[in-house]
Structure formats: C-alpha cells, structure tokens
1. All other residues with a Cβ under 12 Å from the Cβ of ARG56 taken together, and with Lys, Arg as +1 and Asp, Glu as -1, what is their net charge?
2. Once amide H atoms are built 1.01 Å from N in the peptide plane, which residues 5 or more positions from ILE36, or in another chain, come under 5 Å H to H?
3. Label ARG56 and GLU38 with points 7 Å out from Cα along Cα→Cβ: what is the distance between them in nm?
4. Among the trypsin sites (Lys or Arg not before Pro) in segment 18-100, which ones are in a DSSP loop with at most 13 other Cβ atoms within 10 Å of the Cβ? Mind listing them?
5. Summing +1 for each Lys or Arg and -1 for each Asp or Glu, what net charge is found among the other residues whose Cβ lies under 15 Å from the Cβ of ASP28?
6. Tell me, what ³J(HN,Hα) does each residue in segment 85-94 have, in order and in whole Hz, if you take phi through Karplus 6.51 cos²θ - 1.76 cosθ + 1.60 with θ = phi - 60° and put x for Gly and Pro?
Amino acid sequence: MSNLIRKGMLMGFGILSLTREKAEEWIDELVRRGEISEKEGREAVDEFVEKSKEMRQDLSSRVESAVEEAVKKMNLATRDDLDKLKKKITALEKTVKSGE
C-alpha cells in the first residue's frame, strides 16, 4: 500500500514540477511564433499557475486522506489517543498519591 502511495505522490509531483518560469518560456515561444497573442499568453500562464496550485492542493489532500486511511488500517494510536491516555495516567497518579 505504501509503495502505491509513494508512486502516486511521485507521479503527481512530477506533473506539478513545471514552474511558472517554464510555463512562461513555453508560452513566450508560442507568442514569438505568432500562434497566440501576448494577452492570451499572459492569461494562459495565469490559468496554468492557478490550475497547478489547485492540483497541488488536491494532491496534498488525497495523500493526507490515503495516509490517514493507511494508519487506521494499521490500527496505530493517534495523537488524540495518546493525549487521552496521558490524561488518564495523570488522573490515576493523583488517585494513587492521594490514597497513600
């Protein structure tokens, strides 16, 4: 399972590794060749950057969900579980000390 998650993450990060600078270079080339106008180029770069941001957020959310699900399946204690246990131990220690 973790190998599948790792592969998915690497694939997603590879897709999203195209930076604004690279997008601008690609768009500038299209403008230079006259295939699109400068205005269309700027709009395309802005749209690409926004879509890239959305995809990164979506990927992050999906990875987080997959990791949470994997942890649940492994039946590991959560931070909340550990905090509850600490409170119980503290309360028991007080009970034991007051009974001595």
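1. Around ARG56, the charge tally is 0.
2. When sequence neighbours closer than 5 places are left aside, the close amide H contacts are VAL31.
3. Distance between label points: 2.8 nm.
4. Loop-located and lightly packed - ARG33.
5. For residues surrounding ASP28, the net value is -3.
6. Here the 3J(HN,Hα) series is 5, 4, 5, 5, 5, 4, 5, 5, 4, 5 Hz.
Each value in this text was obtained by applying a stated rule to the coordinates, not by laboratory testing. Please read these numbers as outputs of a predicted model, since none were measured by experiment. FYI the Cβ positions are ideal-geometry reconstructions off the backbone, even for glycines, and counts take in every protein chain you see.
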